[in-house]
Amino acid sequence: MRTVVAFEQRGTRTLVKLAASPISIADAGELKYTELPVVPDGRPVSLAEYGESLRALLAEHRPVAKGLENAFAQQIGTDSPLYFHMVSTPADAVPWEHLHNGQGFCALDRWPIGRIARIAQDVDHHGFLPPVRIVAVLSAAQRDGSAQLDGLLRAVRTPDARELGVHLHIISAQRGLLTAARAAEEEEAPLRAAGEGDRPVITVQELPGTEPDLTRCIATARPHILHLLGHGGVRAGEPVFSFVTAADQAAEMAGESAGTGSLVLSVQNLAGILKPCAPWLVILGACRTAAATQRRSLAHELVSLGIPAAVGMRRNVGLGVADQFCRAFYPEVVSLIATAIRSGRVQTIDWAAALTPPRKVLAGSDPEQADEWTDPVLYVQHSPFLVIPGSPDKVELVGYLRFWVEYRDSLPDTADPRVMAYVETRIAWARALVDPGTS
């Protein structure tokens, strides 16, 4: 069970309380005013000392101190996730991922750290029938997404992924990336045809030129996991995400600046098209998509609008850091899902646990110096995320059928016949489930 520390707002002042704990603690829920720490401009002189100061501040509230003591006392081999409920925007701006318990950084050890979004939304239990659908839009201006494609391909070819069943759908405007993705698509087709039915399904689509067309592509693919590599920003006071199109790249080659990309996706529209798809997790691969200043961050806003969970970046991050995170994160995500589905019964998936291994990769041998491990930030809904192995409803099956029909219609005449044959088998399978009278 989570240990949850909540921050609320009263005018210009912030209050703290222990909102949840695995054990009963007297006066839990009691609010107390607290002075928030100074948010460091860049890296603190000593990351460990700053992390310990965060713990000392929390420990001034006796129930919170007891809750943390209980979490830190758990046996080796058990995870005790720590969550911070961010009702207060000033508290959300504090890098709680630095938290240090006197022995080590919590987020690098047995205490994964996440944040609960300010606005609670009801999230239904999620039924599941393989495959896990991962949709990746890899089209950031002046950022080559090839390394992240490679990380995703490695993740969907792990033993956990092959046991689970994974469908990876790539959307991009970058020519080299599209070529590599299509090569992977054609590489898997003969292996499945040869009887290796647990091979990943890989499909590829060129990024369309408009926001409505992109949102339709994403909605049709019905992602469980959505990965976005682009650029975060703000337009008319609303968080947005931008992508570079083929037209942008052509203009750039002609000497014109493409900026951050002409295809701009608003957080409101993204949440609106995703909610009917019942997604599980969104990863925002862009700088400052988890930076809380005067407003909620893009990742925080997305979860407040009803998405179960989102990961963003707290600061500006280099592409190499984002690539490392992607490569280390997705095998953990696949493993968490596989473990839950393998049980055959309703299971809670706590995405915070998937962030610890990639944090360790980013930290290297000296987490005091390589502090990029503190940049990934997870936001979740207040209620735990539950997945139920079993049959999907008819709405999901109709969406699945629609995806494969539209994908077949988008394939060129030169498409590998083995790819086309596989697509036709998926259409026939889904059509038979949607309308048994056709089988």
- Of the numbered conditions (1) surrounded by fewer than 19 Cβ atoms within 10 Å (Cβ to Cβ); (2) over 22 Å from the mean Cα position of the chain (by Cα), residue 327 fails exactly one; give the number of that condition. (2)
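Could we say that residue 357 is at pLDDT 95 or above, surrounded by 19 or more Cβ atoms within 10 Å (Cβ to Cβ) and closer than 25 Å to residue 308 by Cβ here?
Taking the combined requirement at face value, the residue does not satisfy it.
Out of the stretch 232-243, which residues are within 21 Å of the chain's Cα centre (by Cα) and of a type outside the set (Phe, Trp, Tyr)? Give the steps one after another, and end with the answer.
So the first thing to find is which residues in the stretch 232-243 are within 21 Å of the chain's Cα centre (by Cα), and the list is 232-234, 238-243.
Answer for the stretch 232-243, where residues must be within 21 Å of the chain's Cα centre (by Cα) and of a type outside the set (Phe, Trp, Tyr): 232, 233, 234, 238, 239, 240, 242.
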- Task: Would you check which residues across the stretch 342-364 are of a type in the set (A, V, I, L, M, F, W, C) and either in a loop (DSSP other than H, G, I, E, B) or assigned by TED's automatic domain parsing to the domain that holds residue 112 (or both) and list them?
- Result: 346, 349
- Message: So in the stretch 30-51, with the set limited to residues that are of a type in the set (A, V, I, L, M) and closer than 12 Å to residue 7 by Cα, which one is surrounded by the fewest Cβ atoms within 10 Å (Cβ to Cβ)?
- Response: 31
- Query: Out of curiosity, is residue 289 hydroxyl-bearing (Ser, Thr, Tyr), surrounded by fewer than 24 Cβ atoms within 10 Å (Cβ to Cβ), over 16 Å from residue 136 (Cα atoms) and at pLDDT below 95?
  - Reply: no
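Go through the stretch 206-232 and report how many residues are assigned to a strand (DSSP E or B) and either acidic (Asp, Glu) or closer than 21 Å to residue 130 by Cβ (or both).
Here the count works out to 4.
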- Is it true that some residue in the stretch 211-223 is out of contact with any Leu (no Cβ under 9 Å at 6 or more places or on another chain) and hydroxyl-bearing (Ser, Thr, Tyr)? yes
- of a type outside the set (Lys, Arg), touching a residue at least 60 places away in the same chain (Cβ under 8 Å) and not assigned by TED's automatic domain parsing to the domain that holds residue 403 - does that describe any residue in the stretch 208-218? yes
- Item | strands (runs of 3 or more DSSP E) wholly inside the stretch 1-43 that include at least 1 residues being in contact with a Leu (Cβ under 8 Å, 6 or more places away or on another chain), aromatic (Phe, Trp, Tyr) and under 25 Å from residue 371 (Cβ atoms) | 3-10
- Residue in the stretch 78-90 that is assigned to a helix (DSSP H, G or I), assigned by TED's automatic domain parsing to the domain that holds residue 44 and surrounded by 16 or more Cβ atoms within 10 Å (Cβ to Cβ) present: yes
- Query: If you go through the stretch 122-173 one residue at a time, how many are among the small types (Gly, Ala, Ser), at pLDDT below 95 and part of a strand (DSSP E or B)?
  - Reply: 1
- List pairs: first in the stretch 1-19 and free of Cβ contacts under 8 Å to residues at least 12 places away in the same chain, second buried (at least 23 other Cβ atoms within 10 Å of the Cβ) and not β-branched (Val, Ile, Thr), Cβ under 6 Å, 6+ apart or cross-chain? none
- Kindly indicate which of 141, 173 is among the aliphatic types (A, V, I, L, M), assigned by TED's automatic domain parsing to the domain that holds residue 228, buried (at least 19 other Cβ atoms within 10 Å of the Cβ) and farther than 23 Å from residue 220 by Cα. 141
- Result of the Cβ filter at 6 Å on the stretch 117-146, keeping first residues that are on the phi > 0 side of the Ramachandran plot and partners that are crowded, with 24+ Cβ neighbours inside 10 Å and of a type outside the set (Asp, Glu), at least 6 apart or interchain, is none
- With the condition kept exactly as written, say whether any residue in the stretch 235-247 is in contact with an Asp or Glu (Cβ under 9 Å, 6 or more places away or on another chain) and over 26 Å from residue 291 (Cβ atoms). yes
- Conditions: (1) surrounded by fewer than 20 Cβ atoms within 10 Å (Cβ to Cβ); (2) over 20 Å from residue 266 (Cα atoms); (3) not β-branched (Val, Ile, Thr). Residue 305 meets all but one. Number of the miss? (2)
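The values are calculated or read from the model by the stated rules, or taken from the named source; none is laboratory data. Remember, predicted model here, so these are calculated numbers, not experimental data. All Cβ positions, glycine included, derive from the backbone under ideal geometry; neighbour counts span all protein chains shown.
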